[in-house]
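Note sheet for the following structure.
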Amino acid sequence: MAIKTLTIDGDQYSAQEGETILTVMRQHNIPIPTLCHLEGLSTVGACRLCVVQVEGIPKLLPACTTRVEEGMVIHTATDKLKKYRRMIIALLASEGNHVCAVCVANNHCELQELAYQVGLVRVRYPYLFPKKSLDATHKEYVMDRNRCVLCTRCVRVCDEVEGAHVWDVAGRGINCEIVTGLDDAWGKTETCTSCGKCVMVCPTGALFEKGVTVAEMEKQKGFLKYIITARQKKEWVSFTDGQ
Amino acid sequence: MPELITIAPVTRIEGHAKITIHLNAKGEVEDARFHVNEFRGFEKFCEGRLVWEMPGLTSRICGICPASHLVTSAKAGDDILAIGIPETAEKLRRMLTLAQWIQSHALSFFHLSSPDFLLGFEADPALRNIFGLLQHNKEFTRKGIRLRKFGQQIIEFLGGRRIHTPWAVAGGVREPFTKEERDKLLEWYPEVRETALLAVETIKKIHDTFKKEIPAFGNFHSLFVGLVGPKGELEYYGGNLRIMDSTGNIIADNIDPRKYYEHFGEASESWSYLKFPYYKPLGYPKGIYRVGPLARLNICNRIETPLAEQERKLFKKLAPTTESVNNSFYYHYARLIELLFAVEKVEELLHDPIILGTHVRSKAEINRLEGVGAAEAPRGTLFHHYWVDENGVLKKVNMLIATAQNNMAMNRTVRQIATHFLDGRKITEPMLNRIEAGIRCFDPCLSCSTHAAGQMPLHVQMVDADGYILDEVRR
Ligand code: SF4
Ligand code: SF4
Ligand code: FES
């Protein structure tokens, strides 16, 4: 496989052909926020948090979906990019109903974590306070669409890893929502195996275990790496931390 | 045509108290209204949420007695899950409830009411606050602050945070209590007990100083409502409802608090956001009742702890045997007796090895579609009533809070004080001060009345029979 050389934030790196910019950055511990991307799932480039600037290309490109090219000169942390990332998080926050203080995911939430990371201190956009539904019909889990950021991790893990394909994206624009089955109640779907994978990969308090209260929902994401490495390499890594 | 005197809010956010005093054509006080402009829309806001979230939500919304809301909400949750909670969890929840009493009662007396009592109603308003008191009697004030801290410390140990702690949950509590924390509190105890006794002694001296004023401080007949324990003892967490009339007769007893709505109705008035609960058999407004310390001390047969029981006997002597203690001024005394009880009872709980148990939470699914939780908050009986679907999603929420239950009584008190201190067609400073102190008897949980640093923000208007404003005071 061909080796490509590229420049990231002034330093030279080499990468395998076909690798994404994000892969290279992660290999070399170059920090960049991501939300929809999750190692082990397919890549969709939905959240746009990982956007980078590539010299010679007028638009911003998501690092998670863009493949490396020979001679690419990439900037990952310019003021403009930082500003856009803050805007993205602010838009996500104002589009749903995020009241962290009473949320099951408080202190264990990726959205919250990202807000700190990008230095979001104030949301300047008007909050939309949409009326979203909460589905508690499943015996073990709850879906609160008020906190969903539409990253589609649940959709992908359920389809790609569990093979059940319970989740889908319905509607457009502001009405876009994650639904179960053909927009049935979760508890009514016959395909759900109650494996809990969607709950664990969900970055926010949108999916959680029934009965948990404020700040009690900690997600164990190690399982994904465990399953993937077991399947692909026939190796068994630790379930809890993926080591 | 009646005339009107109004005490109104400058801003709602700051929670100013608005009071209107209606004069009749002869210039006498005909009515007084304590307007509440705070509206939290809280019950609607909770609909569609999960029952498990409610303790966290309710304790967040009300910052004045969060621990009481937390416990009451968790109890309503227990009812919906239809489970008994572990013994350790119940004792810890009891301790939390008492901690809220200590914190709140100490605040009411030392921070909010003492300045009036110890510096006098006629003292310079700029100094008639906790800071003025600090100059006047440093040691006394400092002790009061420490006592309040003791309550806060328990809440912090149990909940991990001082206020808004989501520690109690349906089925029990989240974290057990530790030996280190217990030992720290026991070490602190002697000082706390001494301060509670000091507070009780102080209020008794105040009774002598204000002998002339007390009879006009909300002295009227009403029912008294609260929870009592299985033997009729002073209760704060469990027990059943007892209703007593102004002559000391128990008119209803052993009422399951889960059936509160069969006995109490809620009336509304266009001029206040706060509802007017009343005792159904007597109707509105005849079914006026009072809750909180004065009610609890009236209705109970005894108090379990020795020092507080001794005081209860003295309290009973404030009224002839054919009457309940009907004077609202004695809310203060009753509150401090409860403070003493809470402190003694906490010590008793701290010595109970069960509180160090580690099994603190039972789990269950939704087993009932309706649940009620009731407990005695510092200001009176608090009810949370939830209706859920089979998945635990709230369909309807009703909360009956103590301050609302005292609403009619507060109006009655203001009217009595206004009548007594009315001086022509002007709003006088003595009248204003007494009205403020009258409201304070009830220690209402409205932001206007809990400004620790200074006076209650008031706006008074005096309006004549044709609606013409005669006088207006804001402060
Ligand atoms: S999901 Fe995350 S950001 Fe949203 S309310 Fe919960 S903790 Fe806050
Ligand atoms: S439910 Fe969670 S995982 Fe699924 S799209 Fe929404 S935020 Fe992402
Ligand atoms: S992480 Fe790249 S677009 Fe979401």
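With respect to chain A, whose longest principal axis is taken over its alpha-carbon atoms, helix A:79-95 is tilted by about 10°. Rolling a 1.4 Å probe over the protein heavy atoms gives the range B:351-414 an accessible area of 34 Å² per residue. Placing a label point 7 Å from the Cα of A:Asp9 along the Cα-to-Cβ line, the residues of the range A:72-88 whose backbone N sits under 18 Å from it are A:72-86. Where a ≥ b ≥ c are the square roots of the eigenvalues of the C-alpha gyration tensor, would you call the range B:175-273 rounded, which needs a/c under 1.5, or, failing that, prolate if a/b is larger than b/c, or oblate? Taking the square roots of the gyration eigenvalues as a ≥ b ≥ c, the range B:175-273 is oblate. Please get the size of the charge dipole for the range B:220-326, origin at its Cα centre, with Cβ charges of +1 on Lys and Arg and -1 on Asp and Glu, quoted in debye to the nearest 20. Dipole about the Cα centre, nearest 20: 100 debye. Taking 13 Å as the straight-line reach from the Cα of A:Lys131, the aspartates and glutamates in range (excluding those fewer than 8 positions away in the same chain) are A:Glu95, A:Asp144, A:Glu177, B:Glu47. The angle between the Cα long axis of helix B:429-442 and the main principal axis of chain B comes to about 20°, on a 0 to 90 degree scale.
With the full set of protein chains in place, find how many percent of the accessible area of the protein assembly as shown is carbon and sulfur; take the probe as 1.4 Å. Exposed carbon and sulfur together represent 51 percent of the surface.
Rounded if a/c is under 1.5, else prolate if a/b beats b/c, else oblate: with a ≥ b ≥ c from the C-alpha gyration tensor eigenvalues square-rooted, which is the range A:61-189? It comes out oblate by the Cα gyration axes. A Cα-only calculation for the range B:220-326 places Rg and Dmax at 14.3, 47 Å. Here's the picture: charge each Lys and Arg Cβ at +1 and each Asp and Glu Cβ at -1 in the range A:3-77, and of A:Leu38, A:Val24, A:Thr7 the one pushed furthest to the positive end of that dipole is A:Leu38. Residue ranking by accessible heavy-atom surface, 1.4 Å probe, largest first, among A:His28, A:His37, B:His136, A:His75 comes out as B:His136, A:His28, A:His75, A:His37.
For the range B:42-104, applying the loop criterion from DSSP together with a ceiling of 16 other beta carbons within 10 Å to the GluC sites (Glu not before Pro) yields B:Glu47. Applying a DSSP loop filter and a limit of 12 other Cβ atoms within 10 Å to the trypsin sites (Lys or Arg not before Pro) in the range B:217-279 leaves B:Lys231. When the accessible areas of B alone and A alone are added and the area of the pair subtracted, with a 1.4 Å probe, the result is around 1400 Å², both sides summed. Spatially, the range A:1-78 and the range B:335-393 are offset by 54 Å when compared through their Cα centroids. Computed from Cα atoms, the angle from the helix B:66-81 axis to the main principal axis of chain B rounds to 50 degrees. Toward the positive end of the charge dipole of the protein assembly as shown, with +1 on the Cβ of Lys and Arg and -1 on the Cβ of Asp and Glu, the farthest Cα among B:Asn326, B:Met399, B:Ala374 is that of B:Asn326.
For the peptide B:382-390, the mean number of other protein chain Cβ atoms found within 10 angstrom of a residue's Cβ is 1.
The values are calculated or read from the model by the stated rules, or taken from the named source; none is laboratory data. It should be emphasised that the depicted structure is a prediction, and the values quoted were computed from it without experimental measurement. Note that each Cβ is placed from the backbone with ideal geometry, even for glycine, and that neighbours are counted across all protein chains shown. Remember, those area values only see protein heavy atoms, side chains included, never the ligands or the DNA or RNA. Shrake-Rupley method; radii C 1.70, N 1.55, O 1.52, S 1.80 Å.
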